[in-house]
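Any read-out appearing in this document is the output of simple, stated calculations on the displayed coordinates, not a laboratory observation. Since this is a predicted model, take the numbers as computed values, not measurements. Positions of Cβ are backbone-derived with ideal geometry, glycine not excepted, and every protein chain shown enters the neighbour counts.
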Amino acid sequence: MAQAGIVQRREGVPTGVTVPALQRAHRWLDGQFTLVATLPTTVLMLAVFGIPLLISLYLSLEGWNVSQALFGGRFVGAENYHDLLTDPDFISSLLLTLSYTIVVVASEMALGLGLALMLNVDLPFIGLFRTALVVPMMMTPVVAAFCWRLLLDPTNGVIDYWIGRHIVWLGQPATAQMSVGVVNVWQNAPYVAILLLAGLRSLPSEPLEAASIDGANRLQTFWHVTLPLLRPYFVVALLLRTIFEFRAFDNVYVMTSGGPASATMLLSMYTYLASFQQFDLSLGAAASWFMLVISLLLCLLFIATIRRRSTV
Amino acid sequence: MRRRPIRHALKRRLFAAGIYAALLGMAAAFLFPLLWVLGLSFKTRLQVYAVPPLFVWKPTLENYIAVLRNGDFVQAFVNSLVIASGAVLLSLCIGVPTAYAMARFPFRGRSFLFFTLLVMRMLPPIAVLIPMYVLFSRLGLSTTRFSVVLAYTTFSLPLVVWIMRGIFEELPRELEESAWVDGASRYAAFGRVALPLIRPALVAATILCLQLAWNDFLFAAVLTDNATKTLPVLMAAYSGSDTGVDWGGMTASGILVVIPVIVFSFLAQRHLVAGLSAGAVKG
């Protein structure tokens, strides 16, 4: 490295001639390319992510309300966190979010895997189905939830008409939970399908051929060859869906706003209501730190996964 | 290999038929809610509430005409457009050079920067939204479109960097290297050599970012007011009110909100996988 530098200097600067200042400045600027290219990103990240997180941490340790000056709150230490952990509503919201995430993600993975396997078969017009499947995923979540609200409407909804019974889907805890979950699975199973399909398409063909030569049937090949090869893709999809379902908000807001009787009060909804309806931003900030820590752990798991794979 | 008799061919056909049947069922289930709402949006007030529901009717455009005459909707449409394009433009200007630098030059903190971007995209948005709300109102930025643009960069900037980093890594470096040998600076090699080559991917990244920004509800719900609200905020307000009121108008607005994203996203399908998976899975 050092030697290369010397050689370069000897070539660029003939002995006894001083390089014009402008050219030197150019060369210096050229050397700073990575800095120039990454500095704006770093500054923006600090502004919209780093500093807000610090303020959020500060808020969560204060007894602060909206009418006060930014740093005019009263330091209360861990009191907000203590309040949350002794609030049965928060605890049930936390537990609900965890179980909701597990159930919804498991359903998305199962359905997504099924879809990906079907879409991977080489048949005419299969591309058409792939395109159709992307539609729910791309839809504005608020509008998707809104569509389902109309379908599930007890007086004019087509679902109640078809099953011939009057069910107030979003009015009872169990059916409301189910409806919100179904809408999420409906919207995001294609996400899993598309990632797994990309995995299936990039699998090496040799093991599959070897299995068929050895006389394995479809099911055996799938179970003993395809599935293990697909594992890394499966893990990526699983982690990403878990991260995104954990913070689910839009469809809950539109369909139930957390009700009935807090049956669908997911953590993000709880945090939202605490912060922007009761305007207890300190409590909201503390609640959001619970979400942050859990999400961060999942993120680190995801990062570890993709790092390990890129080094292999 | 053993010779397969006719039975095998029959089995293959049955298998294909089974797959088609299952796929048709799935496609129907996945498309039905949108198609039904699309149907509702072309019904008159009387037809919407008809019992039994009408499956064949003479479509009317009256709902769409009413929506497009509604100043509130048009204002929200313009807001959505301005905010989404602002966020995407900002993210592209800042993110593409960063992605290029990450793909081409090793520098200290490179993977830290990349993974922090990843974390920024993945942490729950409400966590940054609360302090942003406080900060923006103290800075006099609250309820401005600019504040929403800034908030949206928390997800659009990482997306741009993920997608474009992968694209630049796949681009052979020989062309840029020969430009360097010819005396071009790194800036020129980036702007005049690399950038024109990846234009299609740039379009795809733009579309995927636009889609995310267009679809966001949470940030906009908190950071906008009546004058600056975006389409998802308007839609949520609709469905928050009594849904018995005006299904025709509401469904027509919903369709007008989703049609642009769906049409555009078909154009970006090739890069969808990289966009969804932080580049962990190549499409």
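Details
- Global form of the stretch A:127-194, assessed from the alpha-carbon gyration tensor, a/c cut-off 1.5: prolate
- Legend: ranking of residues B:Thr153, A:Thr97, A:Thr226, B:Thr60 from fewest to most surrounding C-beta atoms inside 10 Å; resulting order B:Thr60, A:Thr226, A:Thr97, B:Thr153.
- Springs join every pair of Cα atoms under 10 Å in this Gaussian network model of chain B, and among B:Leu81, B:Leu135, B:Leu150 the largest mean-square fluctuation is at B:Leu135.
- Across chain A, the relative contact order, built from alpha-carbon pairs under 8 Å that are at least six residues apart, equals 24 percent.
- Entry note, the protein assembly as shown: the mean residue ellipticity at 222 nm calculated from DSSP H runs of n ≥ 4, each adding -39500 (n - 2.57), is -23000 deg cm²/dmol after division by the residues and rounding to the nearest 500.
- For peptide B:21-32, the mean count of partner chain Cβ atoms within 10 Å of a residue's Cβ comes to 5.
- Net charge, A:Thr221 excluded, C-beta distance under 11 Å - Lys, Arg +1, Asp, Glu -1: -1
- Nitroxide proxy distance, nm - points 7 Å out along Cα→Cβ at B:Leu195 and A:Asn217: 6.0 nm
- Coordinate range along principal axes, alpha carbons of the stretch B:63-276, Å, largest first: 68, 38, 25
- Loop trypsin sites (Lys or Arg not before Pro), the stretch B:66-110 (other Cβ atoms within 10 Å of the site Cβ: 14 or fewer; DSSP): B:Arg108
- Base-10 log of normalised Debye intensity for chain A (one unit scatterer per alpha-carbon) at q = 0.12, 0.13, 0.16 Å⁻¹: -0.99, -1.07, -1.32
- In the distance distribution for the stretch A:163-312, Cα-Cα pairs more than 28 Å apart total 43 percent.
- A viscosity of 0.890 mPa s and a temperature of 25 °C, combined with the Kirkwood radius over Cα pairs in Stokes-Einstein, give a translational diffusion coefficient for the protein assembly as shown of 93 µm²/s.
- Counting Cβ atoms of other protein chains within 10 Å of each residue's Cβ and taking the mean over peptide A:20-29 gives 1.
- Solvent-free Debye calculation, one equal scatterer per alpha-carbon of the stretch B:126-191: log10 I(q)/I(0) at 0.18, 0.22 Å⁻¹ equals -0.73, -0.89.
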